[in-house]
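Presented below is the structure to which this report refers.
The values are calculated or read from the model by the stated rules, or taken from the named source; none is laboratory data. Everything numeric in this text was worked out from a predicted model, so none of it was measured. All Cβ positions, even for glycine, are placed from backbone atoms using ideal geometry, and neighbour counts span all protein chains on display.
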Amino acid sequence: DAKTTQPTSMDCAEGRAANLPCNHSTISGNEYVYWYRQIHSQGPQYIIHGLKNNETNEMASLIITEDRKSSTLILPHATLRDTAVYYCIVTNAGNNRKLIWGLGTSLAVNP
Amino acid sequence: NAGVTQTPKFQVLKTGQSMTLQCAQDMNHEYMSWYRQDPGMGLRLIHYSVGAGITDQGEVPNGYNVSRSTTEDFPLRLLSAAPSQTSVYFCASSPGGAGANVLTFGAGSRLTVL
C-alpha cells in the first residue's frame, strides 16, 4: 500500500475553511484515498473517500489532484468541534486488513 | 441503532490475569476488527474477521485470542495480561466488498495492566 505524508499539526480559525493536505506519491491505480478523524479519546470516525474524482458529503470535500499523488480534505466552515487528529489512508477498496494508520494531522480550530 | 458497542470502558488488571473485551455491532456488518492505540503510534490491527466463524491475525496478535461465533459479536481475550498490553483498544466493523474500508468504531476500552 502507498504511504502517506501529512503535516504533524495545523491551526484554523473558527468559521474558516480548513484545508488538510496529504501526499501519496506512490499511489497505485486501484488504490483509494480515505480520510478519518479522531476526536480526543474517541474512536476514529470515517469522513470520506475517493478514487480520482473529487467527492463531497455532508462532512467534507475531498480534492484529488489529476496525477493522484496528493489530495486535500476541506472542512468548509470549521467549528471548535472539528478539532481532532485527521488521518489520510491509501489502500485498495476491498480489504481492511491493509489500513495503515500513521500519526495524522492534529488540527486545532481556534475561536 | 447503537452502532459498535464496547465493554468495559475502563479496566485495571494485574499481570497474569485474563479478561475479555466485548464488542457488538448491530449493523449486520461482515467485517469486524480489533485495534490497539498507544501514545505516539498509529492504530495497529490485532485480529480481524471477515465473517462468522472466520478470524485471522493482524499486525500485533501475540497475547490475544478472538472468536466470531455470530455476525454481531467479536470478543477479544487477553490470555495472561502483561504491562505491555496497557493500551486503548478499539473495535470496528464494516460492510464487506467495496465498503470494507468504511469502518465504524466503538468508543474504546482503556486497559491498564499493573
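Summary table below
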| quantity | calculated |
| --- | --- |
| Extreme residue, farthest from A:Gln45 (Cα to Cα), among residues of the stretch B:1-58 that are free of Cβ contacts under 8 Å to residues at least 24 places away in the same chain and touching a helix residue (DSSP H, G or I) at 6+ places or on another chain (Cβ under 9 Å) | B:Asp56 |
| The stretch B:56-93: number of residues that are farther than 21 Å from A:Gln38 by Cβ and at the interface with chain A (Cβ under 9 Å from one of its Cβ atoms) | 1 |
| Some residue of the stretch B:18-37 being surrounded by fewer than 22 Cβ atoms within 10 Å (Cβ to Cβ), more than 12 Å from the chain's Cα centre (by Cα) and closer than 26 Å to A:Gly104 by Cα | no |
| Pick from the stretch B:58-93, criterion within 22 Å of A:Ala93 (Cα to Cα) and at pLDDT below 95, ranking: surrounded by the most Cβ atoms within 10 Å (Cβ to Cβ) | B:Gly58 |
| Those strands (runs of 3 or more DSSP E) lying entirely in chain A with at least 1 residues within 13 Å of chain B (Cβ to nearest Cβ), more than 25 Å from B:Ala107 (Cα to Cα) and touching a His at 6+ places or on another chain (Cβ under 9 Å) | A:31-38 |
| Residue under evaluation B:Gly96, criteria (1) within 10 Å of another protein chain (Cβ to nearest Cβ); (2) touching a residue at least 60 places away in the same chain (Cβ under 8 Å); (3) over 12 Å from B:Cys23 (Cα atoms); (4) in contact with a Ser or Thr (Cβ under 8 Å, 6 or more places away or on another chain), criterion not met | (4) |
